[in-house]
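Student: Let me begin by handing over the structure; questions about it come next.
The values are calculated or read from the model by the stated rules, or taken from the named source; none is laboratory data. Keep in mind that what you see is a predicted model, and the values were worked out from it rather than measured. Here the Cβ positions follow ideal geometry from the backbone for every residue, glycine too, while neighbour counts run over all protein chains shown. These accessible areas exclude ligands, DNA and RNA; they are computed on the full protein's heavy atoms, side chains included. Shrake-Rupley method; radii C 1.70, N 1.55, O 1.52, S 1.80 Å.
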Amino acid sequence: KKCGIRPKMFTTLIRNIFSIQPTMLEVLDVEDNLLDHPSVIELCEQLEGTANNVSKLRELNISYNRIEAQGLDYLIATVGKRNASRGPRMEVLKCGGNKYGIAGANQLSKLMT
């Protein structure tokens, strides 16, 4: 939380975390940083890349960053695919305080049904 993590730093950090297989990371809290759409894309690519290697990530907090509707859509699609698979489910997704507006909120509601 509140570490001033910028997108480029986040890319390096998340690649290193997910390069350890199998990754034991269960909770990732990057609330109140400077993450944006490319940051979400990188996170999703890492989650998709570890799906067969059973990533244990079950809680993600990306609240109060710079994530807009497009980034949230991508994240929701990734989490939805992951939760539909037989692997561990994402149980908690905190994403309030971003700039995704009504469109993002509607997408988020689809994930919860």
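Student: Condition first: part of a helix (DSSP H, G or I), more than 18 Å from residue 55 (Cα to Cα) and open to solvent by 10 Å² or more (accessible area, probe 1.4 Å). Now tell me which residues in the stretch 13-45 satisfy that.
Tutor: Residues satisfying the conditions are 37, 38.
Student: Restricting attention to the stretch 19-37, which residues are in contact (Cβ under 8 Å) with a residue 24 or more places away in the chain, of a type in the set (A, V, I, L, M, F, W, C) and over 15 Å from residue 59 (Cα atoms)?
Tutor: 34, 35
Student: Can I ask one more? Quick check on my filter: what residues within the stretch 88-113 are at pLDDT 85 or above, more than 19 Å from residue 47 (Cβ to Cβ) and open to solvent by less than 80 Å² (accessible area, probe 1.4 Å)?
Tutor: Result: 96, 97.
Student: Of everything in the stretch 1-12, what is surrounded by 15 or more Cβ atoms within 10 Å (Cβ to Cβ) and assigned to a helix (DSSP H, G or I)? Give them in sequence order.
Tutor: Selection gives 7, 9, 10, 11.
Student: Same structure again: Among the residues of the stretch 58-71, is any among the hydrophobic types (A, V, I, L, M, F, W, C), open to solvent by 60 Å² or more (accessible area, probe 1.4 Å) and either touching a His at 6+ places or on another chain (Cβ under 9 Å) or not in a helix (DSSP H, G or I) (or both)?
Tutor: No, the stretch 58-71 contains no residue that is among the hydrophobic types (A, V, I, L, M, F, W, C), open to solvent by 60 Å² or more (accessible area, probe 1.4 Å) and either touching a His at 6+ places or on another chain (Cβ under 9 Å) or not in a helix (DSSP H, G or I) (or both).
Student: Keeping to the stretch 1-44, report how many residues are more than 22 Å from residue 76 (Cβ to Cβ) and of a type in the set (Phe, Trp, Tyr).
Tutor: 0
Student: Whether any residue in the stretch 73-87 is within 15 Å of the chain's Cα centre (by Cα), at pLDDT below 80 and open to solvent by 40 Å² or more (accessible area, probe 1.4 Å) is what I want to check.
Tutor: Scanning the stretch 73-87, I find no residue that is within 15 Å of the chain's Cα centre (by Cα), at pLDDT below 80 and open to solvent by 40 Å² or more (accessible area, probe 1.4 Å), so the answer is no.
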